[in-house]
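For reference, the structure discussed in these notes is given below.
The values are calculated or read from the model by the stated rules, or taken from the named source; none is laboratory data. Just so it is clear, the model here is predicted, and its values are computed rather than measured. Virtual Cβ from ideal backbone geometry, glycine too; neighbours counted across all protein chains shown.
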Amino acid sequence: MFARALQLRDRQVALRLHRRRQACTAPLPGIVSSCDVQRKDLPLRHASMLGVVLALFLCEAPCSHVSAQVRREYSEVHMGMPVRIVLHASDDDAARAAARAGFARIAELDAMMSDYRPDSELRRLATHNGAWTKISPELFDVLARALEIARASEGAFDPTVAPLVALWREARRNGTMPPTNSLDSARALVSWRLVHLDTTARAIRLDRAGMRLDLGGIAKGYILQAAAETMRAVKTGSFMVEAGGDLVVGDPPPGQDGWVIEVPGADSTLSRLASALANAALSTSGPTMQLVEIAGVRYSHVVDPRTGLGLTSLSITYVLAAHGATSDGMATALGVMGPLGVSVLKNRLPFAFTASVAQR
(Lines give C-alpha, C1' and ligand atoms only; values in the text may rest on other atoms or scores of the structure.)
Protein backbone atom coordinates (compact mmCIF):
# COMPACT_ATOMS: atom_id res chain seq x y z
CA MET A 1 0.00 0.00 0.00
CA PHE A 2 2.86 2.33 0.78
CA ALA A 3 4.99 1.19 -2.16
CA ARG A 4 3.40 3.60 -4.64
CA ALA A 5 5.57 6.35 -5.99
CA LEU A 6 4.86 9.59 -4.19
CA GLN A 7 4.83 12.45 -6.63
CA LEU A 8 4.01 15.29 -4.31
CA ARG A 9 6.95 17.64 -3.75
CA ASP A 10 7.06 17.81 -1.18
CA ARG A 11 -5.69 19.26 14.20
CA GLN A 12 -8.78 22.20 14.10
CA VAL A 13 -9.70 25.48 15.64
CA ALA A 14 -12.24 26.35 12.94
CA LEU A 15 -13.67 24.93 9.77
CA ARG A 16 -15.00 27.47 7.34
CA LEU A 17 -16.93 26.08 4.43
CA HIS A 18 -17.92 28.54 1.70
CA ARG A 19 -20.88 26.57 0.44
CA ARG A 20 -22.38 26.55 -3.01
CA ARG A 21 -25.80 28.20 -2.80
CA GLN A 22 -27.90 25.11 -3.10
CA ALA A 23 -29.97 23.08 -0.67
CA CYS A 24 -28.48 20.01 0.96
CA THR A 25 -30.20 16.67 0.92
CA ALA A 26 -31.76 15.15 4.00
CA PRO A 27 -29.24 13.01 5.88
CA LEU A 28 -29.02 9.29 5.60
CA PRO A 29 -30.03 7.25 8.62
CA GLY A 30 -26.94 7.42 10.80
CA ILE A 31 -25.37 10.21 8.74
CA VAL A 32 -25.76 13.81 9.86
CA SER A 33 -25.82 16.46 7.19
CA SER A 34 -24.08 19.49 8.64
CA CYS A 35 -26.34 21.69 6.53
CA ASP A 36 -29.28 20.51 8.66
CA VAL A 37 -27.83 20.67 12.17
CA GLN A 38 -25.37 22.75 14.10
CA ARG A 39 -22.19 20.94 14.94
CA LYS A 40 -21.58 20.41 18.64
CA ASP A 41 -18.01 20.40 19.89
CA LEU A 42 -17.09 17.04 21.34
CA PRO A 43 -14.09 15.88 23.36
CA LEU A 44 -11.42 14.75 20.93
CA ARG A 45 -9.30 11.64 21.10
CA HIS A 46 -6.16 11.28 19.03
CA ALA A 47 -6.83 14.81 17.80
CA SER A 48 -5.02 18.10 17.64
CA MET A 49 -7.43 21.04 17.62
CA LEU A 50 -5.12 23.24 15.62
CA GLY A 51 -5.31 26.20 13.33
CA VAL A 52 -5.82 24.50 10.02
CA VAL A 53 -8.64 26.54 8.59
CA LEU A 54 -10.23 24.63 5.77
CA ALA A 55 -11.56 27.23 3.39
CA LEU A 56 -13.22 25.33 0.59
CA PHE A 57 -13.87 27.98 -2.01
CA LEU A 58 -16.54 26.36 -4.11
CA CYS A 59 -18.66 28.25 -6.59
CA GLU A 60 -20.90 30.78 -4.84
CA ALA A 61 -22.78 31.31 -8.06
CA PRO A 62 -23.97 28.56 -10.39
CA CYS A 63 -21.11 27.17 -12.46
CA SER A 64 -22.71 26.71 -15.85
CA HIS A 65 -19.41 25.75 -17.48
CA VAL A 66 -19.06 22.68 -15.23
CA SER A 67 -20.94 19.45 -15.81
CA ALA A 68 -23.84 19.21 -13.34
CA GLN A 69 -22.90 17.69 -10.01
CA VAL A 70 -24.32 17.94 -6.52
CA ARG A 71 -22.19 19.07 -3.60
CA ARG A 72 -23.05 17.40 -0.31
CA GLU A 73 -21.61 17.51 3.19
CA TYR A 74 -22.01 14.89 5.92
CA SER A 75 -20.76 14.46 9.48
CA GLU A 76 -20.57 11.54 11.88
CA VAL A 77 -18.72 10.93 15.13
CA HIS A 78 -15.89 8.42 14.85
CA MET A 79 -12.58 8.05 16.69
CA GLY A 80 -14.13 10.17 19.44
CA MET A 81 -14.49 13.24 17.20
CA PRO A 82 -16.59 14.67 14.39
CA VAL A 83 -15.54 13.37 10.99
CA ARG A 84 -16.66 15.48 8.03
CA ILE A 85 -17.03 14.44 4.42
CA VAL A 86 -17.59 16.98 1.66
CA LEU A 87 -18.05 15.54 -1.80
CA HIS A 88 -19.24 16.15 -5.34
CA ALA A 89 -21.24 13.43 -7.02
CA SER A 90 -23.44 12.89 -10.03
CA ASP A 91 -26.62 12.85 -7.95
CA ASP A 92 -27.95 12.50 -4.40
CA ASP A 93 -27.99 8.71 -4.48
CA ALA A 94 -24.34 8.60 -5.48
CA ALA A 95 -23.44 11.14 -2.77
CA ARG A 96 -25.23 9.14 -0.08
CA ALA A 97 -23.62 5.89 -1.20
CA ALA A 98 -20.15 7.40 -1.16
CA ALA A 99 -20.61 8.96 2.29
CA ARG A 100 -22.04 5.73 3.68
CA ALA A 101 -19.09 3.74 2.31
CA GLY A 102 -16.54 6.23 3.64
CA PHE A 103 -17.98 6.31 7.16
CA ALA A 104 -18.34 2.52 7.24
CA ARG A 105 -14.66 2.13 6.40
CA ILE A 106 -13.70 4.61 9.13
CA ALA A 107 -15.77 2.72 11.70
CA GLU A 108 -14.24 -0.59 10.66
CA LEU A 109 -10.66 0.64 11.01
CA ASP A 110 -11.31 2.56 14.22
CA ALA A 111 -12.62 -0.65 15.80
CA MET A 112 -9.40 -2.31 14.71
CA MET A 113 -6.82 0.35 15.70
CA SER A 114 -8.30 2.17 18.70
CA ASP A 115 -6.30 2.13 21.93
CA TYR A 116 -9.49 3.12 23.83
CA ARG A 117 -11.44 0.00 22.92
CA PRO A 118 -10.40 -3.02 25.01
CA ASP A 119 -11.64 -5.37 22.29
CA SER A 120 -9.74 -3.73 19.41
CA GLU A 121 -7.18 -5.76 17.51
CA LEU A 122 -4.50 -3.30 18.62
CA ARG A 123 -5.31 -3.68 22.33
CA ARG A 124 -5.46 -7.46 22.12
CA LEU A 125 -1.83 -7.56 20.99
CA ALA A 126 -0.76 -6.77 24.57
CA THR A 127 -2.00 -10.21 25.63
CA HIS A 128 0.48 -11.93 23.30
CA ASN A 129 3.75 -10.22 24.25
CA GLY A 130 6.77 -12.37 23.46
CA ALA A 131 4.96 -14.41 20.83
CA TRP A 132 4.45 -13.92 17.12
CA THR A 133 0.87 -12.88 16.38
CA LYS A 134 -0.71 -12.75 12.94
CA ILE A 135 -2.46 -9.43 12.32
CA SER A 136 -4.75 -7.90 9.71
CA PRO A 137 -3.25 -6.42 6.54
CA GLU A 138 -4.37 -2.91 7.54
CA LEU A 139 -2.83 -3.05 11.00
CA PHE A 140 0.36 -4.49 9.55
CA ASP A 141 0.56 -1.68 6.99
CA VAL A 142 0.15 1.14 9.48
CA LEU A 143 2.60 -0.47 11.91
CA ALA A 144 5.17 -0.86 9.15
CA ARG A 145 4.93 2.85 8.35
CA ALA A 146 4.99 3.72 12.07
CA LEU A 147 8.19 1.77 12.63
CA GLU A 148 9.77 3.32 9.55
CA ILE A 149 9.16 6.81 10.93
CA ALA A 150 10.25 5.71 14.43
CA ARG A 151 13.54 4.46 13.08
CA ALA A 152 14.22 7.58 11.03
CA SER A 153 13.28 9.90 13.91
CA GLU A 154 15.33 7.88 16.41
CA GLY A 155 12.29 7.41 18.61
CA ALA A 156 10.82 10.91 18.50
CA PHE A 157 7.84 9.07 17.07
CA ASP A 158 7.25 5.70 18.73
CA PRO A 159 4.16 3.47 18.47
CA THR A 160 5.03 1.81 21.82
CA VAL A 161 4.39 5.08 23.72
CA ALA A 162 1.07 3.86 25.20
CA PRO A 163 2.28 3.42 28.82
CA LEU A 164 3.49 7.02 28.89
CA VAL A 165 0.35 8.33 27.21
CA ALA A 166 -1.73 6.62 29.90
CA LEU A 167 0.25 8.40 32.64
CA TRP A 168 -0.24 11.81 31.04
CA ARG A 169 -3.96 11.23 30.52
CA GLU A 170 -4.17 10.70 34.27
CA ALA A 171 -2.02 13.80 34.84
CA ARG A 172 -4.48 15.91 32.83
CA ARG A 173 -7.36 14.53 34.88
CA ASN A 174 -5.83 15.20 38.31
CA GLY A 175 -3.50 18.10 37.51
CA THR A 176 -0.41 16.52 39.05
CA MET A 177 2.90 15.36 37.65
CA PRO A 178 3.20 11.61 37.06
CA PRO A 179 5.34 10.08 39.84
CA THR A 180 8.98 9.63 38.90
CA ASN A 181 8.92 5.89 39.57
CA SER A 182 5.85 5.51 37.35
CA LEU A 183 7.53 7.45 34.55
CA ASP A 184 10.65 5.28 34.86
CA SER A 185 8.61 2.08 34.76
CA ALA A 186 6.66 3.26 31.73
CA ARG A 187 9.78 4.38 29.87
CA ALA A 188 11.22 0.86 30.30
CA LEU A 189 8.31 -0.39 28.19
CA VAL A 190 8.71 2.19 25.42
CA SER A 191 11.01 1.33 22.55
CA TRP A 192 10.22 0.76 18.90
CA ARG A 193 13.30 -1.49 18.79
CA LEU A 194 11.34 -4.07 20.79
CA VAL A 195 8.73 -4.43 18.03
CA HIS A 196 9.33 -6.89 15.21
CA LEU A 197 7.35 -7.46 12.04
CA ASP A 198 7.42 -10.57 9.86
CA THR A 199 6.40 -9.52 6.37
CA THR A 200 6.03 -13.05 5.05
CA ALA A 201 3.80 -14.25 7.89
CA ARG A 202 2.19 -10.80 8.37
CA ALA A 203 2.87 -11.10 12.08
CA ILE A 204 4.13 -8.96 14.96
CA ARG A 205 6.06 -9.66 18.15
CA LEU A 206 6.40 -7.37 21.19
CA ASP A 207 9.49 -8.40 23.11
CA ARG A 208 8.69 -7.21 26.62
CA ALA A 209 5.79 -8.06 28.93
CA GLY A 210 3.66 -5.00 29.64
CA MET A 211 4.31 -3.30 26.30
CA ARG A 212 1.32 -1.68 24.60
CA LEU A 213 0.92 0.09 21.30
CA ASP A 214 -0.66 3.49 20.67
CA LEU A 215 -1.22 4.54 17.06
CA GLY A 216 -2.77 7.89 17.96
CA GLY A 217 -0.02 9.72 16.09
CA ILE A 218 -0.58 7.98 12.76
CA ALA A 219 -3.79 5.93 12.64
CA LYS A 220 -6.17 8.83 12.02
CA GLY A 221 -4.35 9.79 8.84
CA TYR A 222 -4.29 6.18 7.72
CA ILE A 223 -8.02 5.78 8.40
CA LEU A 224 -8.97 8.96 6.54
CA GLN A 225 -6.87 7.82 3.59
CA ALA A 226 -8.66 4.46 3.58
CA ALA A 227 -12.01 6.25 3.60
CA ALA A 228 -10.85 8.34 0.64
CA GLU A 229 -9.84 5.25 -1.29
CA THR A 230 -13.19 3.64 -0.50
CA MET A 231 -15.12 6.63 -1.85
CA ARG A 232 -13.01 6.64 -4.97
CA ALA A 233 -13.81 2.94 -5.44
CA VAL A 234 -17.52 3.81 -5.63
CA LYS A 235 -16.81 6.32 -8.39
CA THR A 236 -16.71 9.50 -6.31
CA GLY A 237 -13.45 11.27 -7.07
CA SER A 238 -13.96 14.81 -5.77
CA PHE A 239 -14.08 14.73 -1.97
CA MET A 240 -12.57 15.98 1.26
CA VAL A 241 -12.59 13.88 4.44
CA GLU A 242 -11.46 15.66 7.59
CA ALA A 243 -11.16 14.99 11.32
CA GLY A 244 -9.29 16.66 14.15
CA GLY A 245 -6.76 18.59 12.07
CA ASP A 246 -6.05 15.86 9.51
CA LEU A 247 -7.56 15.80 6.05
CA VAL A 248 -7.37 13.91 2.79
CA VAL A 249 -8.64 15.35 -0.47
CA GLY A 250 -9.33 13.78 -3.83
CA ASP A 251 -9.83 15.42 -7.19
CA PRO A 252 -10.51 19.18 -7.26
CA PRO A 253 -14.09 20.44 -6.95
CA PRO A 254 -15.72 20.94 -10.36
CA GLY A 255 -14.27 23.91 -12.18
CA GLN A 256 -11.55 24.47 -9.57
CA ASP A 257 -7.79 23.90 -9.56
CA GLY A 258 -7.93 22.25 -6.14
CA TRP A 259 -9.29 22.45 -2.64
CA VAL A 260 -8.25 25.72 -1.01
CA ILE A 261 -6.77 25.03 2.42
CA GLU A 262 -5.53 27.84 4.65
CA VAL A 263 -2.67 26.94 6.99
CA PRO A 264 -2.08 29.89 9.34
CA GLY A 265 1.57 30.38 10.22
CA ALA A 266 2.90 27.90 7.68
CA ASP A 267 5.71 28.92 5.38
CA SER A 268 5.12 30.17 1.85
CA THR A 269 5.92 26.88 0.12
CA LEU A 270 3.42 24.80 2.07
CA SER A 271 0.84 27.59 1.94
CA ARG A 272 1.12 27.75 -1.84
CA LEU A 273 0.71 24.00 -2.25
CA ALA A 274 -2.24 23.94 0.14
CA SER A 275 -4.00 26.69 -1.79
CA ALA A 276 -4.82 24.28 -4.64
CA LEU A 277 -4.69 20.85 -3.05
CA ALA A 278 -5.69 17.68 -4.89
CA ASN A 279 -5.14 13.99 -4.23
CA ALA A 280 -3.05 14.68 -1.14
CA ALA A 281 -3.12 14.66 2.67
CA LEU A 282 -2.44 17.41 5.19
CA SER A 283 -1.85 16.87 8.91
CA THR A 284 -1.07 19.08 11.88
CA SER A 285 0.48 18.48 15.29
CA GLY A 286 1.12 20.72 18.26
CA PRO A 287 -0.27 22.11 21.52
CA THR A 288 -4.03 21.92 21.83
CA MET A 289 -6.77 22.34 24.37
CA GLN A 290 -5.54 19.05 25.86
CA LEU A 291 -3.02 20.76 28.14
CA VAL A 292 -2.23 20.52 31.83
CA GLU A 293 -0.42 23.15 33.89
CA ILE A 294 1.79 21.78 36.65
CA ALA A 295 4.00 24.01 38.79
CA GLY A 296 3.62 26.80 36.26
CA VAL A 297 4.59 24.68 33.25
CA ARG A 298 2.05 23.79 30.56
CA TYR A 299 2.41 20.25 29.22
CA SER A 300 0.83 19.09 25.97
CA HIS A 301 -0.99 15.81 25.42
CA VAL A 302 1.80 15.01 22.92
CA VAL A 303 4.46 13.00 24.75
CA ASP A 304 8.14 12.82 23.83
CA PRO A 305 8.77 9.06 23.95
CA ARG A 306 12.47 9.65 24.59
CA THR A 307 12.00 11.66 27.80
CA GLY A 308 8.58 10.48 28.91
CA LEU A 309 7.39 14.09 29.33
CA GLY A 310 4.59 16.01 27.66
CA LEU A 311 5.82 18.64 25.22
CA THR A 312 6.13 22.22 26.43
CA SER A 313 6.91 23.70 23.00
CA LEU A 314 4.37 26.04 21.40
CA SER A 315 5.25 25.14 17.82
CA ILE A 316 2.66 23.82 15.36
CA THR A 317 3.72 21.46 12.60
CA TYR A 318 2.06 21.06 9.22
CA VAL A 319 2.93 18.18 6.89
CA LEU A 320 1.71 17.71 3.34
CA ALA A 321 2.17 14.30 1.71
CA ALA A 322 0.57 11.93 -0.74
CA HIS A 323 -0.80 9.56 1.92
CA GLY A 324 -2.60 10.32 5.19
CA ALA A 325 -0.51 7.92 7.28
CA THR A 326 2.64 9.66 6.07
CA SER A 327 1.41 13.17 6.80
CA ASP A 328 0.00 12.20 10.22
CA GLY A 329 3.04 10.24 11.38
CA MET A 330 5.46 12.84 10.10
CA ALA A 331 3.56 15.69 11.78
CA THR A 332 3.74 13.80 15.08
CA ALA A 333 7.46 13.13 14.71
CA LEU A 334 8.32 16.70 13.69
CA GLY A 335 6.18 18.10 16.49
CA VAL A 336 8.64 16.42 18.84
CA MET A 337 11.82 16.98 16.82
CA GLY A 338 11.22 20.62 15.94
CA PRO A 339 12.34 22.52 12.82
CA LEU A 340 15.74 20.82 12.61
CA GLY A 341 14.00 17.48 12.17
CA VAL A 342 12.67 18.36 8.73
CA SER A 343 16.01 17.98 6.94
CA VAL A 344 16.91 14.93 9.05
CA LEU A 345 13.79 13.06 7.99
CA LYS A 346 14.04 14.15 4.37
CA ASN A 347 17.49 12.55 4.25
CA ARG A 348 16.43 9.34 5.97
CA LEU A 349 13.03 8.52 4.50
CA PRO A 350 12.19 7.34 0.98
CA PHE A 351 8.92 9.23 0.59
CA ALA A 352 8.38 12.85 -0.29
CA PHE A 353 6.71 15.40 1.96
CA THR A 354 6.56 19.13 2.59
CA ALA A 355 6.67 20.35 6.19
CA SER A 356 6.44 23.65 8.01
CA VAL A 357 7.08 24.12 11.74
CA ALA A 358 5.42 27.34 12.91
CA GLN A 359 6.81 28.72 16.16
CA ARG A 360 4.42 30.54 18.52
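Points worth noting:
- Residue in the range 157-179 that is closer than 30 Å to His323 by Cα and among the small types (Gly, Ala, Ser) present: yes
- Meets criteria (among the hydrophobic types (A, V, I, L, M, F, W, C), surrounded by fewer than 24 Cβ atoms within 10 Å (Cβ to Cβ) and out of contact with any helix residue (DSSP H, G or I) (no Cβ under 7 Å at 6 or more places or on another chain)) for Ala228: no
- Taken over the range 204-227, the criterion of being within 10 Å of the chain's Cα centre (by Cα) and β-branched (Val, Ile, Thr) is satisfied by Ile218, Ile223.
Yes/no matrix, rows are residues, columns are (1) among the aliphatic types (A, V, I, L, M); (2) in contact with a helix residue (DSSP H, G or I) (Cβ under 8 Å, 6 or more places away or on another chain):
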site: Val302; (1), (2): yes, yes
site: Pro305; (1), (2): no, yes
site: Leu314; (1), (2): yes, no
site: Asp328; (1), (2): no, yes
site: Val336; (1), (2): yes, no
site: Pro339; (1), (2): no, no
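- Search result, residues across the range 134-161 that are surrounded by fewer than 24 Cβ atoms within 10 Å (Cβ to Cβ) and of a type in the set (Gly, Ala, Ser): Ser136, Ala144, Ala152, Gly155, Ala156
- Of the residues in the range 313-325, at least one is within 23 Å of Pro178 (Cβ to Cβ) and either of a type outside the set (Gly, Ala, Ser) or not in a loop (DSSP other than H, G, I, E, B) (or both).
- Taking first residues from the range 109-120 that are surrounded by fewer than 20 Cβ atoms within 10 Å (Cβ to Cβ) and hydrophobic (A, V, I, L, M, F, W, C) and partners that are modelled with pLDDT under 95 and not in a helix (DSSP H, G or I), the Cβ contacts under 9 Å between residues at least 6 apart in sequence or on separate chains come to Ala111/Arg117; Ala111/Asp119.
Residues checked against (1) in contact with a Gly (Cβ under 7 Å, 6 or more places away or on another chain); (2) under 27 Å from Val260 (Cα atoms); (3) among the charged types (D, E, K, R):
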position	(1), (2), (3)
Ala274	no, yes, no
Leu277	yes, yes, no
Glu293	no, no, yes
Val297	no, no, no
Tyr318	no, yes, no
Ser327	yes, yes, no
Gly338	no, yes, no
Phe351	no, yes, no
Ala355	no, yes, no
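- Helices (runs of 4 or more DSSP H) contained in the range 120-182 and holding at least 3 residues touching a helix residue (DSSP H, G or I) at 6+ places or on another chain (Cβ under 6 Å) and among the aliphatic types (A, V, I, L, M): 137-152
- Looking only at residues in the range 268-306 that are buried (at least 21 other Cβ atoms within 10 Å of the Cβ) and among the small types (Gly, Ala, Ser), the one that is nearest to Ala219 (Cα to Cα) is Ser283.
- Candidates Gly245, Gly310, Gly265, Gly296: the one that is on the phi > 0 side of the Ramachandran plot, of a type outside the set (S, T, N, Q) and touching a Ser or Thr at 6+ places or on another chain (Cβ under 6 Å) is Gly245.
- Unique match (being part of a helix (DSSP H, G or I) and either under 23 Å from Glu108 (Cβ atoms) or under 18 Å from the mean Cα position of the chain (by Cα) (or both)) among Thr230, Thr269, Thr284: Thr230
- Members of the range 105-164 found to be touching a strand residue (DSSP E or B) at 6+ places or on another chain (Cβ under 9 Å), polar (S, T, N, Q) and under 27 Å from Pro339 (Cβ atoms), listed by number: Thr160
- Taking the range 233-249 as the range and being within 16 Å of the chain's Cα centre (by Cα) and in a loop (DSSP other than H, G, I, E, B) as the test, the residues that pass are Gly244, Gly245.
- Taken over the range 106-119, the criterion of being of a type outside the set (Val, Ile, Thr) and in a helix (DSSP H, G or I) is satisfied by Ala107, Glu108, Leu109, Asp110, Ala111, Met112, Met113.
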